[in-house]
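The values are calculated or read from the model by the stated rules, or taken from the named source; none is laboratory data. These figures come from a predicted structure and were not determined experimentally. Virtual Cβ from ideal backbone geometry, glycine too; neighbours counted across all protein chains shown.
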Amino acid sequence: MSLHYIFIALLLTAQLLPGALAAPPRRPVDVPFGRNYVPTWAFDHIKYNNGGSEIQLVLDKYTGTGFQSKGSYLFGHFSMHIKMVAGDSAGTVTAFYLSSQNSEHDEIDFEFLGNRSGQPYILQTNVYTGGKGDKEQRIYLWFDPTKDFHTYSVLWNAYQIVFLVDEVPIRVFKNSKDLGVKFPFDQPMKIYSSLWNADDWATRGGLEKTDWSKAPFVASYRGFHVDGCEASVQARFCESQGKRWWDQRQFRDLDAQQWRRLRWVRSKYTIYNYCTDRKRYPAVPPECRRDRDI
Ligand SMILES: *[C@@H]1O[C@H](CO)[C@@H](O)[C@H](O)[C@H]1NC(C)=O
């Protein structure tokens, strides 16, 4: 082989590799619910299909329901395929979140606020560090989340927490320890999901009440694979920290395309962002200064 060919081969490898590594590995879709998760309450309000590779949470006037991961995790990529309550879902909230179990707990939240038929859902996100939240952001989605399954995920490593909807970053919370902001780094979290009635606040601030004549309300789930570093609740550090794909360099910041997509979500779909709420926070919260466009 001539030098010329070797040069071209090197050039190709150099160009292909970063792209190939930047996407998370494909995750198996048919992992049964029971491998990684258990019901949390109202066990009879969870229905299992296809050998448990798909489940449905049912909310009626007696109760909602929920489930949680068996394991606790310190960093990883946590995703779920969810189809939200269809039709008149006003007053209902479907949540998918990570939370530690201590009193000064850390939490990373997706909350989907239902609506009257044909009216848009709101996706609210929040981050708690050391027991303190108050970092809400709210967006509309660019699709109807009740028609199909969509993927909602959290990438959490020592550098950032990224909220993604179908691989589009909708929010990033950078580690701003250097600015005096607490970042979740040493408390393992479990993964939770639930469907419940929250008509005192969820839809148009509580004006729209749950119409129980439309019950039962049903949300469907798939994708029970977990890509995380499993830790015991007491463990401060996870053995594999620094070795897994979500820790690698290309996941420590958004790339240019991801920043562009995040800006698109911000400019087109954002309803509320605590970072820009000067009434509530006269001074920009320090972690928000890490956001490139605030
Ligand atoms: C429900 O629909 C109304 C009217 O379009 C809208 O103002 C509101 O933001 C929607 N979502 C929720 C959860 O209230």
Among (1) over 30 Å from residue 208 (Cβ atoms); (2) out of contact with any Phe, Trp or Tyr (no Cβ under 8 Å at 6 or more places or on another chain) - the single one residue 105 does not satisfy: (2)
Given (1) part of a loop (DSSP other than H, G, I, E, B); (2) surrounded by fewer than 20 Cβ atoms within 10 Å (Cβ to Cβ); (3) within 16 Å of the ligand (Cβ to nearest atom), number of the condition residue 182 does not satisfy: (3)
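Determine, yes or no, whether residue 227 is at pLDDT below 95 and over 24 Å from residue 132 (Cα atoms). Write out each step before concluding.
Values: at pLDDT below 95: yes; over 24 Å from residue 132 (Cα atoms): yes.
Answer is yes for this residue.
Taking segment 88-109 only, how many residues are more than 14 Å from the ligand (Cβ to nearest atom) and under 19 Å from residue 59 (Cα atoms)? Talk me through it step by step, then tell me what you get.
At the first step, the residues of segment 88-109 found to be more than 14 Å from the ligand (Cβ to nearest atom) are 96-109.
Going one step further and asking which of them are under 19 Å from residue 59 (Cα atoms), we end up with 96-97.
Here the count works out to 2.
Matching residues to (1) at pLDDT 95 or above; (2) on the phi < 0 side of the Ramachandran plot:
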position: 215; (1), (2): yes, yes
position: 218; (1), (2): yes, yes
position: 223; (1), (2): yes, no
position: 239; (1), (2): no, yes
Yes/no for residue 103 being over 20 Å from residue 164 (Cα atoms), hydroxyl-bearing (Ser, Thr, Tyr) and in contact with a helix residue (DSSP H, G or I) (Cβ under 8 Å, 6 or more places away or on another chain): no
Residues (in contact (Cβ under 8 Å) with a residue 60 or more places away in the chain, surrounded by fewer than 19 Cβ atoms within 10 Å (Cβ to Cβ), near the ligand (Cβ under 9 Å from one of its atoms) and assigned to a loop (DSSP other than H, G, I, E, B)) located in segment 112-151: 116, 140
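A quick yes/no check of all residues on (1) of a type outside the set (Phe, Trp, Tyr); (2) under 24 Å from residue 85 (Cα atoms):
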{"position": "145", "(1), (2)": "yes, yes"}
{"position": "153", "(1), (2)": "yes, yes"}
{"position": "181", "(1), (2)": "yes, no"}
{"position": "185", "(1), (2)": "no, no"}
{"position": "189", "(1), (2)": "yes, no"}
{"position": "196", "(1), (2)": "no, yes"}
{"position": "224", "(1), (2)": "no, yes"}
Single residue of segment 60-87 satisfying the filter (within 16 Å of the ligand (Cβ to nearest atom) and of a type outside the set (Val, Ile, Thr)) that is farthest from residue 107 (Cα to Cα): 87
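Return the only residue of 88, 44, 30, 109 being touching a helix residue (DSSP H, G or I) at 6+ places or on another chain (Cβ under 6 Å), among the charged types (D, E, K, R) and either crowded, with 20+ Cβ neighbours inside 10 Å or not in a strand (DSSP E or B) (or both). Before the answer, list the steps.
On the way: 44 fails: touching a helix residue (DSSP H, G or I) at 6+ places or on another chain (Cβ under 6 Å); 30 fails: touching a helix residue (DSSP H, G or I) at 6+ places or on another chain (Cβ under 6 Å); 109 fails: touching a helix residue (DSSP H, G or I) at 6+ places or on another chain (Cβ under 6 Å).
Within the list 88, 44, 30, 109, the selection yields 88.
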Count - residues of segment 185-213 that are at pLDDT 95 or above and part of a loop (DSSP other than H, G, I, E, B): 10
